[in-house]
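Readers should treat all values here as calculations from the given coordinates under stated rules, not as data from a laboratory. Computed from a predicted structure; not experimentally measured. Here the Cβ positions follow ideal geometry from the backbone for every residue, glycine too, while neighbour counts run over all protein chains shown.
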Amino acid sequence: MQVYLDFEKSIAELEGKIKELRAMGKTGVDIADEIGKLEQKARQQTLKVYQGLNPWQKTQVARHPARPHFMDYIEGLVEDFTPLAGDRLYSEDHAIIGGIGRWQGQRVAIIGQEKGNSTQTRIKHNFGMARPEGYRKAIRIMDLAERFNLPVVALVDTAGAYPGIGAEERGQAEAIARCTDKCLSLNVPMISLVIGEGGSGGALALATANRILMLEHSIYTVASPEACASILWRTSERADIAATALKVTAQSLLELKVIDRIIPEPEGGAHRDRPETIRSVGQVISEELAQLSGVEPKQLKSDRRKKFLAMGREGVA
């Protein structure tokens with residue numbers, strides 16, 4: 001069942017009419033021409049709506065329940081994926097999944113947040129909000145990647161790290177800091193892609209990479225628009241204003257040189273053509289891996305450090 005967002009009402013009406021006409025067509029009535037005209041109109045309306053999305057609307061698209069998640073990319077792009085579980089300190093965390101496999105033929109270590117796609121799986125994966133053991137598992141996988149000289153691919157999709165009492169008791173901030181530090185000190189190439197939400201330190205812990213990419217309608221922010229609005233105006237109802245001020249969109253972040261590249265999404269967002277989105281992601285990350293292959297470890301670390309030191313400094317490339 002197609003889920004429509006608030007700003008997609010005009011698209012929903014047209015596609016609803018198309019479904020009704022198709023149902024009538026099964027009765028033997030020839031209405032192919034009418035359906036064709038409505039399909040063209042729906043496509044034009046979709047293009048018009050998605051070309052004019054504001055930051056808050058892009059936030060809603062980034063959170064769309066039908067958007068491809070981590071395991072969708074694993075199933076579509078990674079062969080011989082072997083998941084690794086546990087942090088060897090406390091327990092397993094299902095919000096972060098990681099392991100080794102072949103990304104379109106190339107051996108890689110891959111890590112990412114999984115939100116789940118049903119009530120049961122969302123609860124299992126804690127809506128993609130990792131606890132300390134998830135970040136410590138990520139560190140363990142990155143250590144393994146260095147040992148076997150494997151590039152690291154990270155797919156980011158989280159509203160933020162889990163803020164529960166248990167997570168804080170087990171050192172949530174320390175785990176995030178160590179994971180971020182591990183990314184910065186890696187001797188192998190690292191590519192991070194924001195596939196949906198990139199929220200706060202929970203996202204940064206897996207996005208301190210040589211190359212930072214974003215899907216066209218994904219978001220990356222220091223705090224969610226709702227949280228920002230609650231802090232500034234004591235109400236989450238002004239989240240749309242906060243989203244604009246935070247510059248959460250891929251387009252704004254590319255202009256600010258926080259990210260390196262935007263991957264275009266199909267017409268109407270990734271959720272409307274999941275196979276095409278997954279194919280595009282596979283192609284672009286393979287290109288980035290090829291560009292980083294053969295770069296010396298010392299140079300990889302130096303480039304990574306310079307990238308993040310340059311962020312926010314006017315006139316520094």
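Laid out as a table, the results:
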read-out: Which of C179, C228 has the fewest Cβ neighbours within 10 Å, and the rest in rising order; value: C228, C179
read-out: Qualifying trypsin sites (Lys or Arg not before Pro) for the stretch 219-250 [loop in DSSP, other Cβ within 10 Å: at most 14]; value: R234
read-out: Low-density loop positions, trypsin sites (Lys or Arg not before Pro), the stretch 255-317 - DSSP coil, at most 15 other Cβ in 10 Å; value: K257, R313
read-out: For D181, D240, order by how many other beta-carbon atoms lie within 10 Å, fewest first; value: D181, D240
read-out: Shape category assigned to the stretch 6-52 from the gyration tensor of Cα positions, a/c cut at 1.5; value: oblate
read-out: Debye, to nearest 20: dipole size of the stretch 59-310, +1 on Lys, Arg Cβ, -1 on Asp, Glu Cβ; value: 560
read-out: The stretch 276-317: GluC sites (Glu not before Pro) falling in loop per DSSP and having at most 14 other Cβ within 10 Å; value: E314
read-out: Fewest-first sequence of L150, L309, L89 by Cβ atoms within 10 Å of each Cβ; value: L309, L89, L150
read-out: Candidate lysines for bridging to K124, where Cα separation is under 26 Å - those fewer than 8 sequence places away on the same chain excluded; value: K115, K137
read-out: Lys/Arg +1, Asp/Glu -1 at C-beta; the chain dipole; positive extreme among M190, A227, G36; value: M190
read-out: Lysines with Cα under 27 Å of K41, excluding same-chain neighbours fewer than 8 positions away; value: K9, K17, K19, K26, K58
read-out: Partner lysines for K298 [C-alpha distance under 16 Å; skip if fewer than 8 residues away on the same chain]; value: K182, K306, K307
read-out: For the chain, average projected area of the Cα convex hull in nm²; value: 18.6
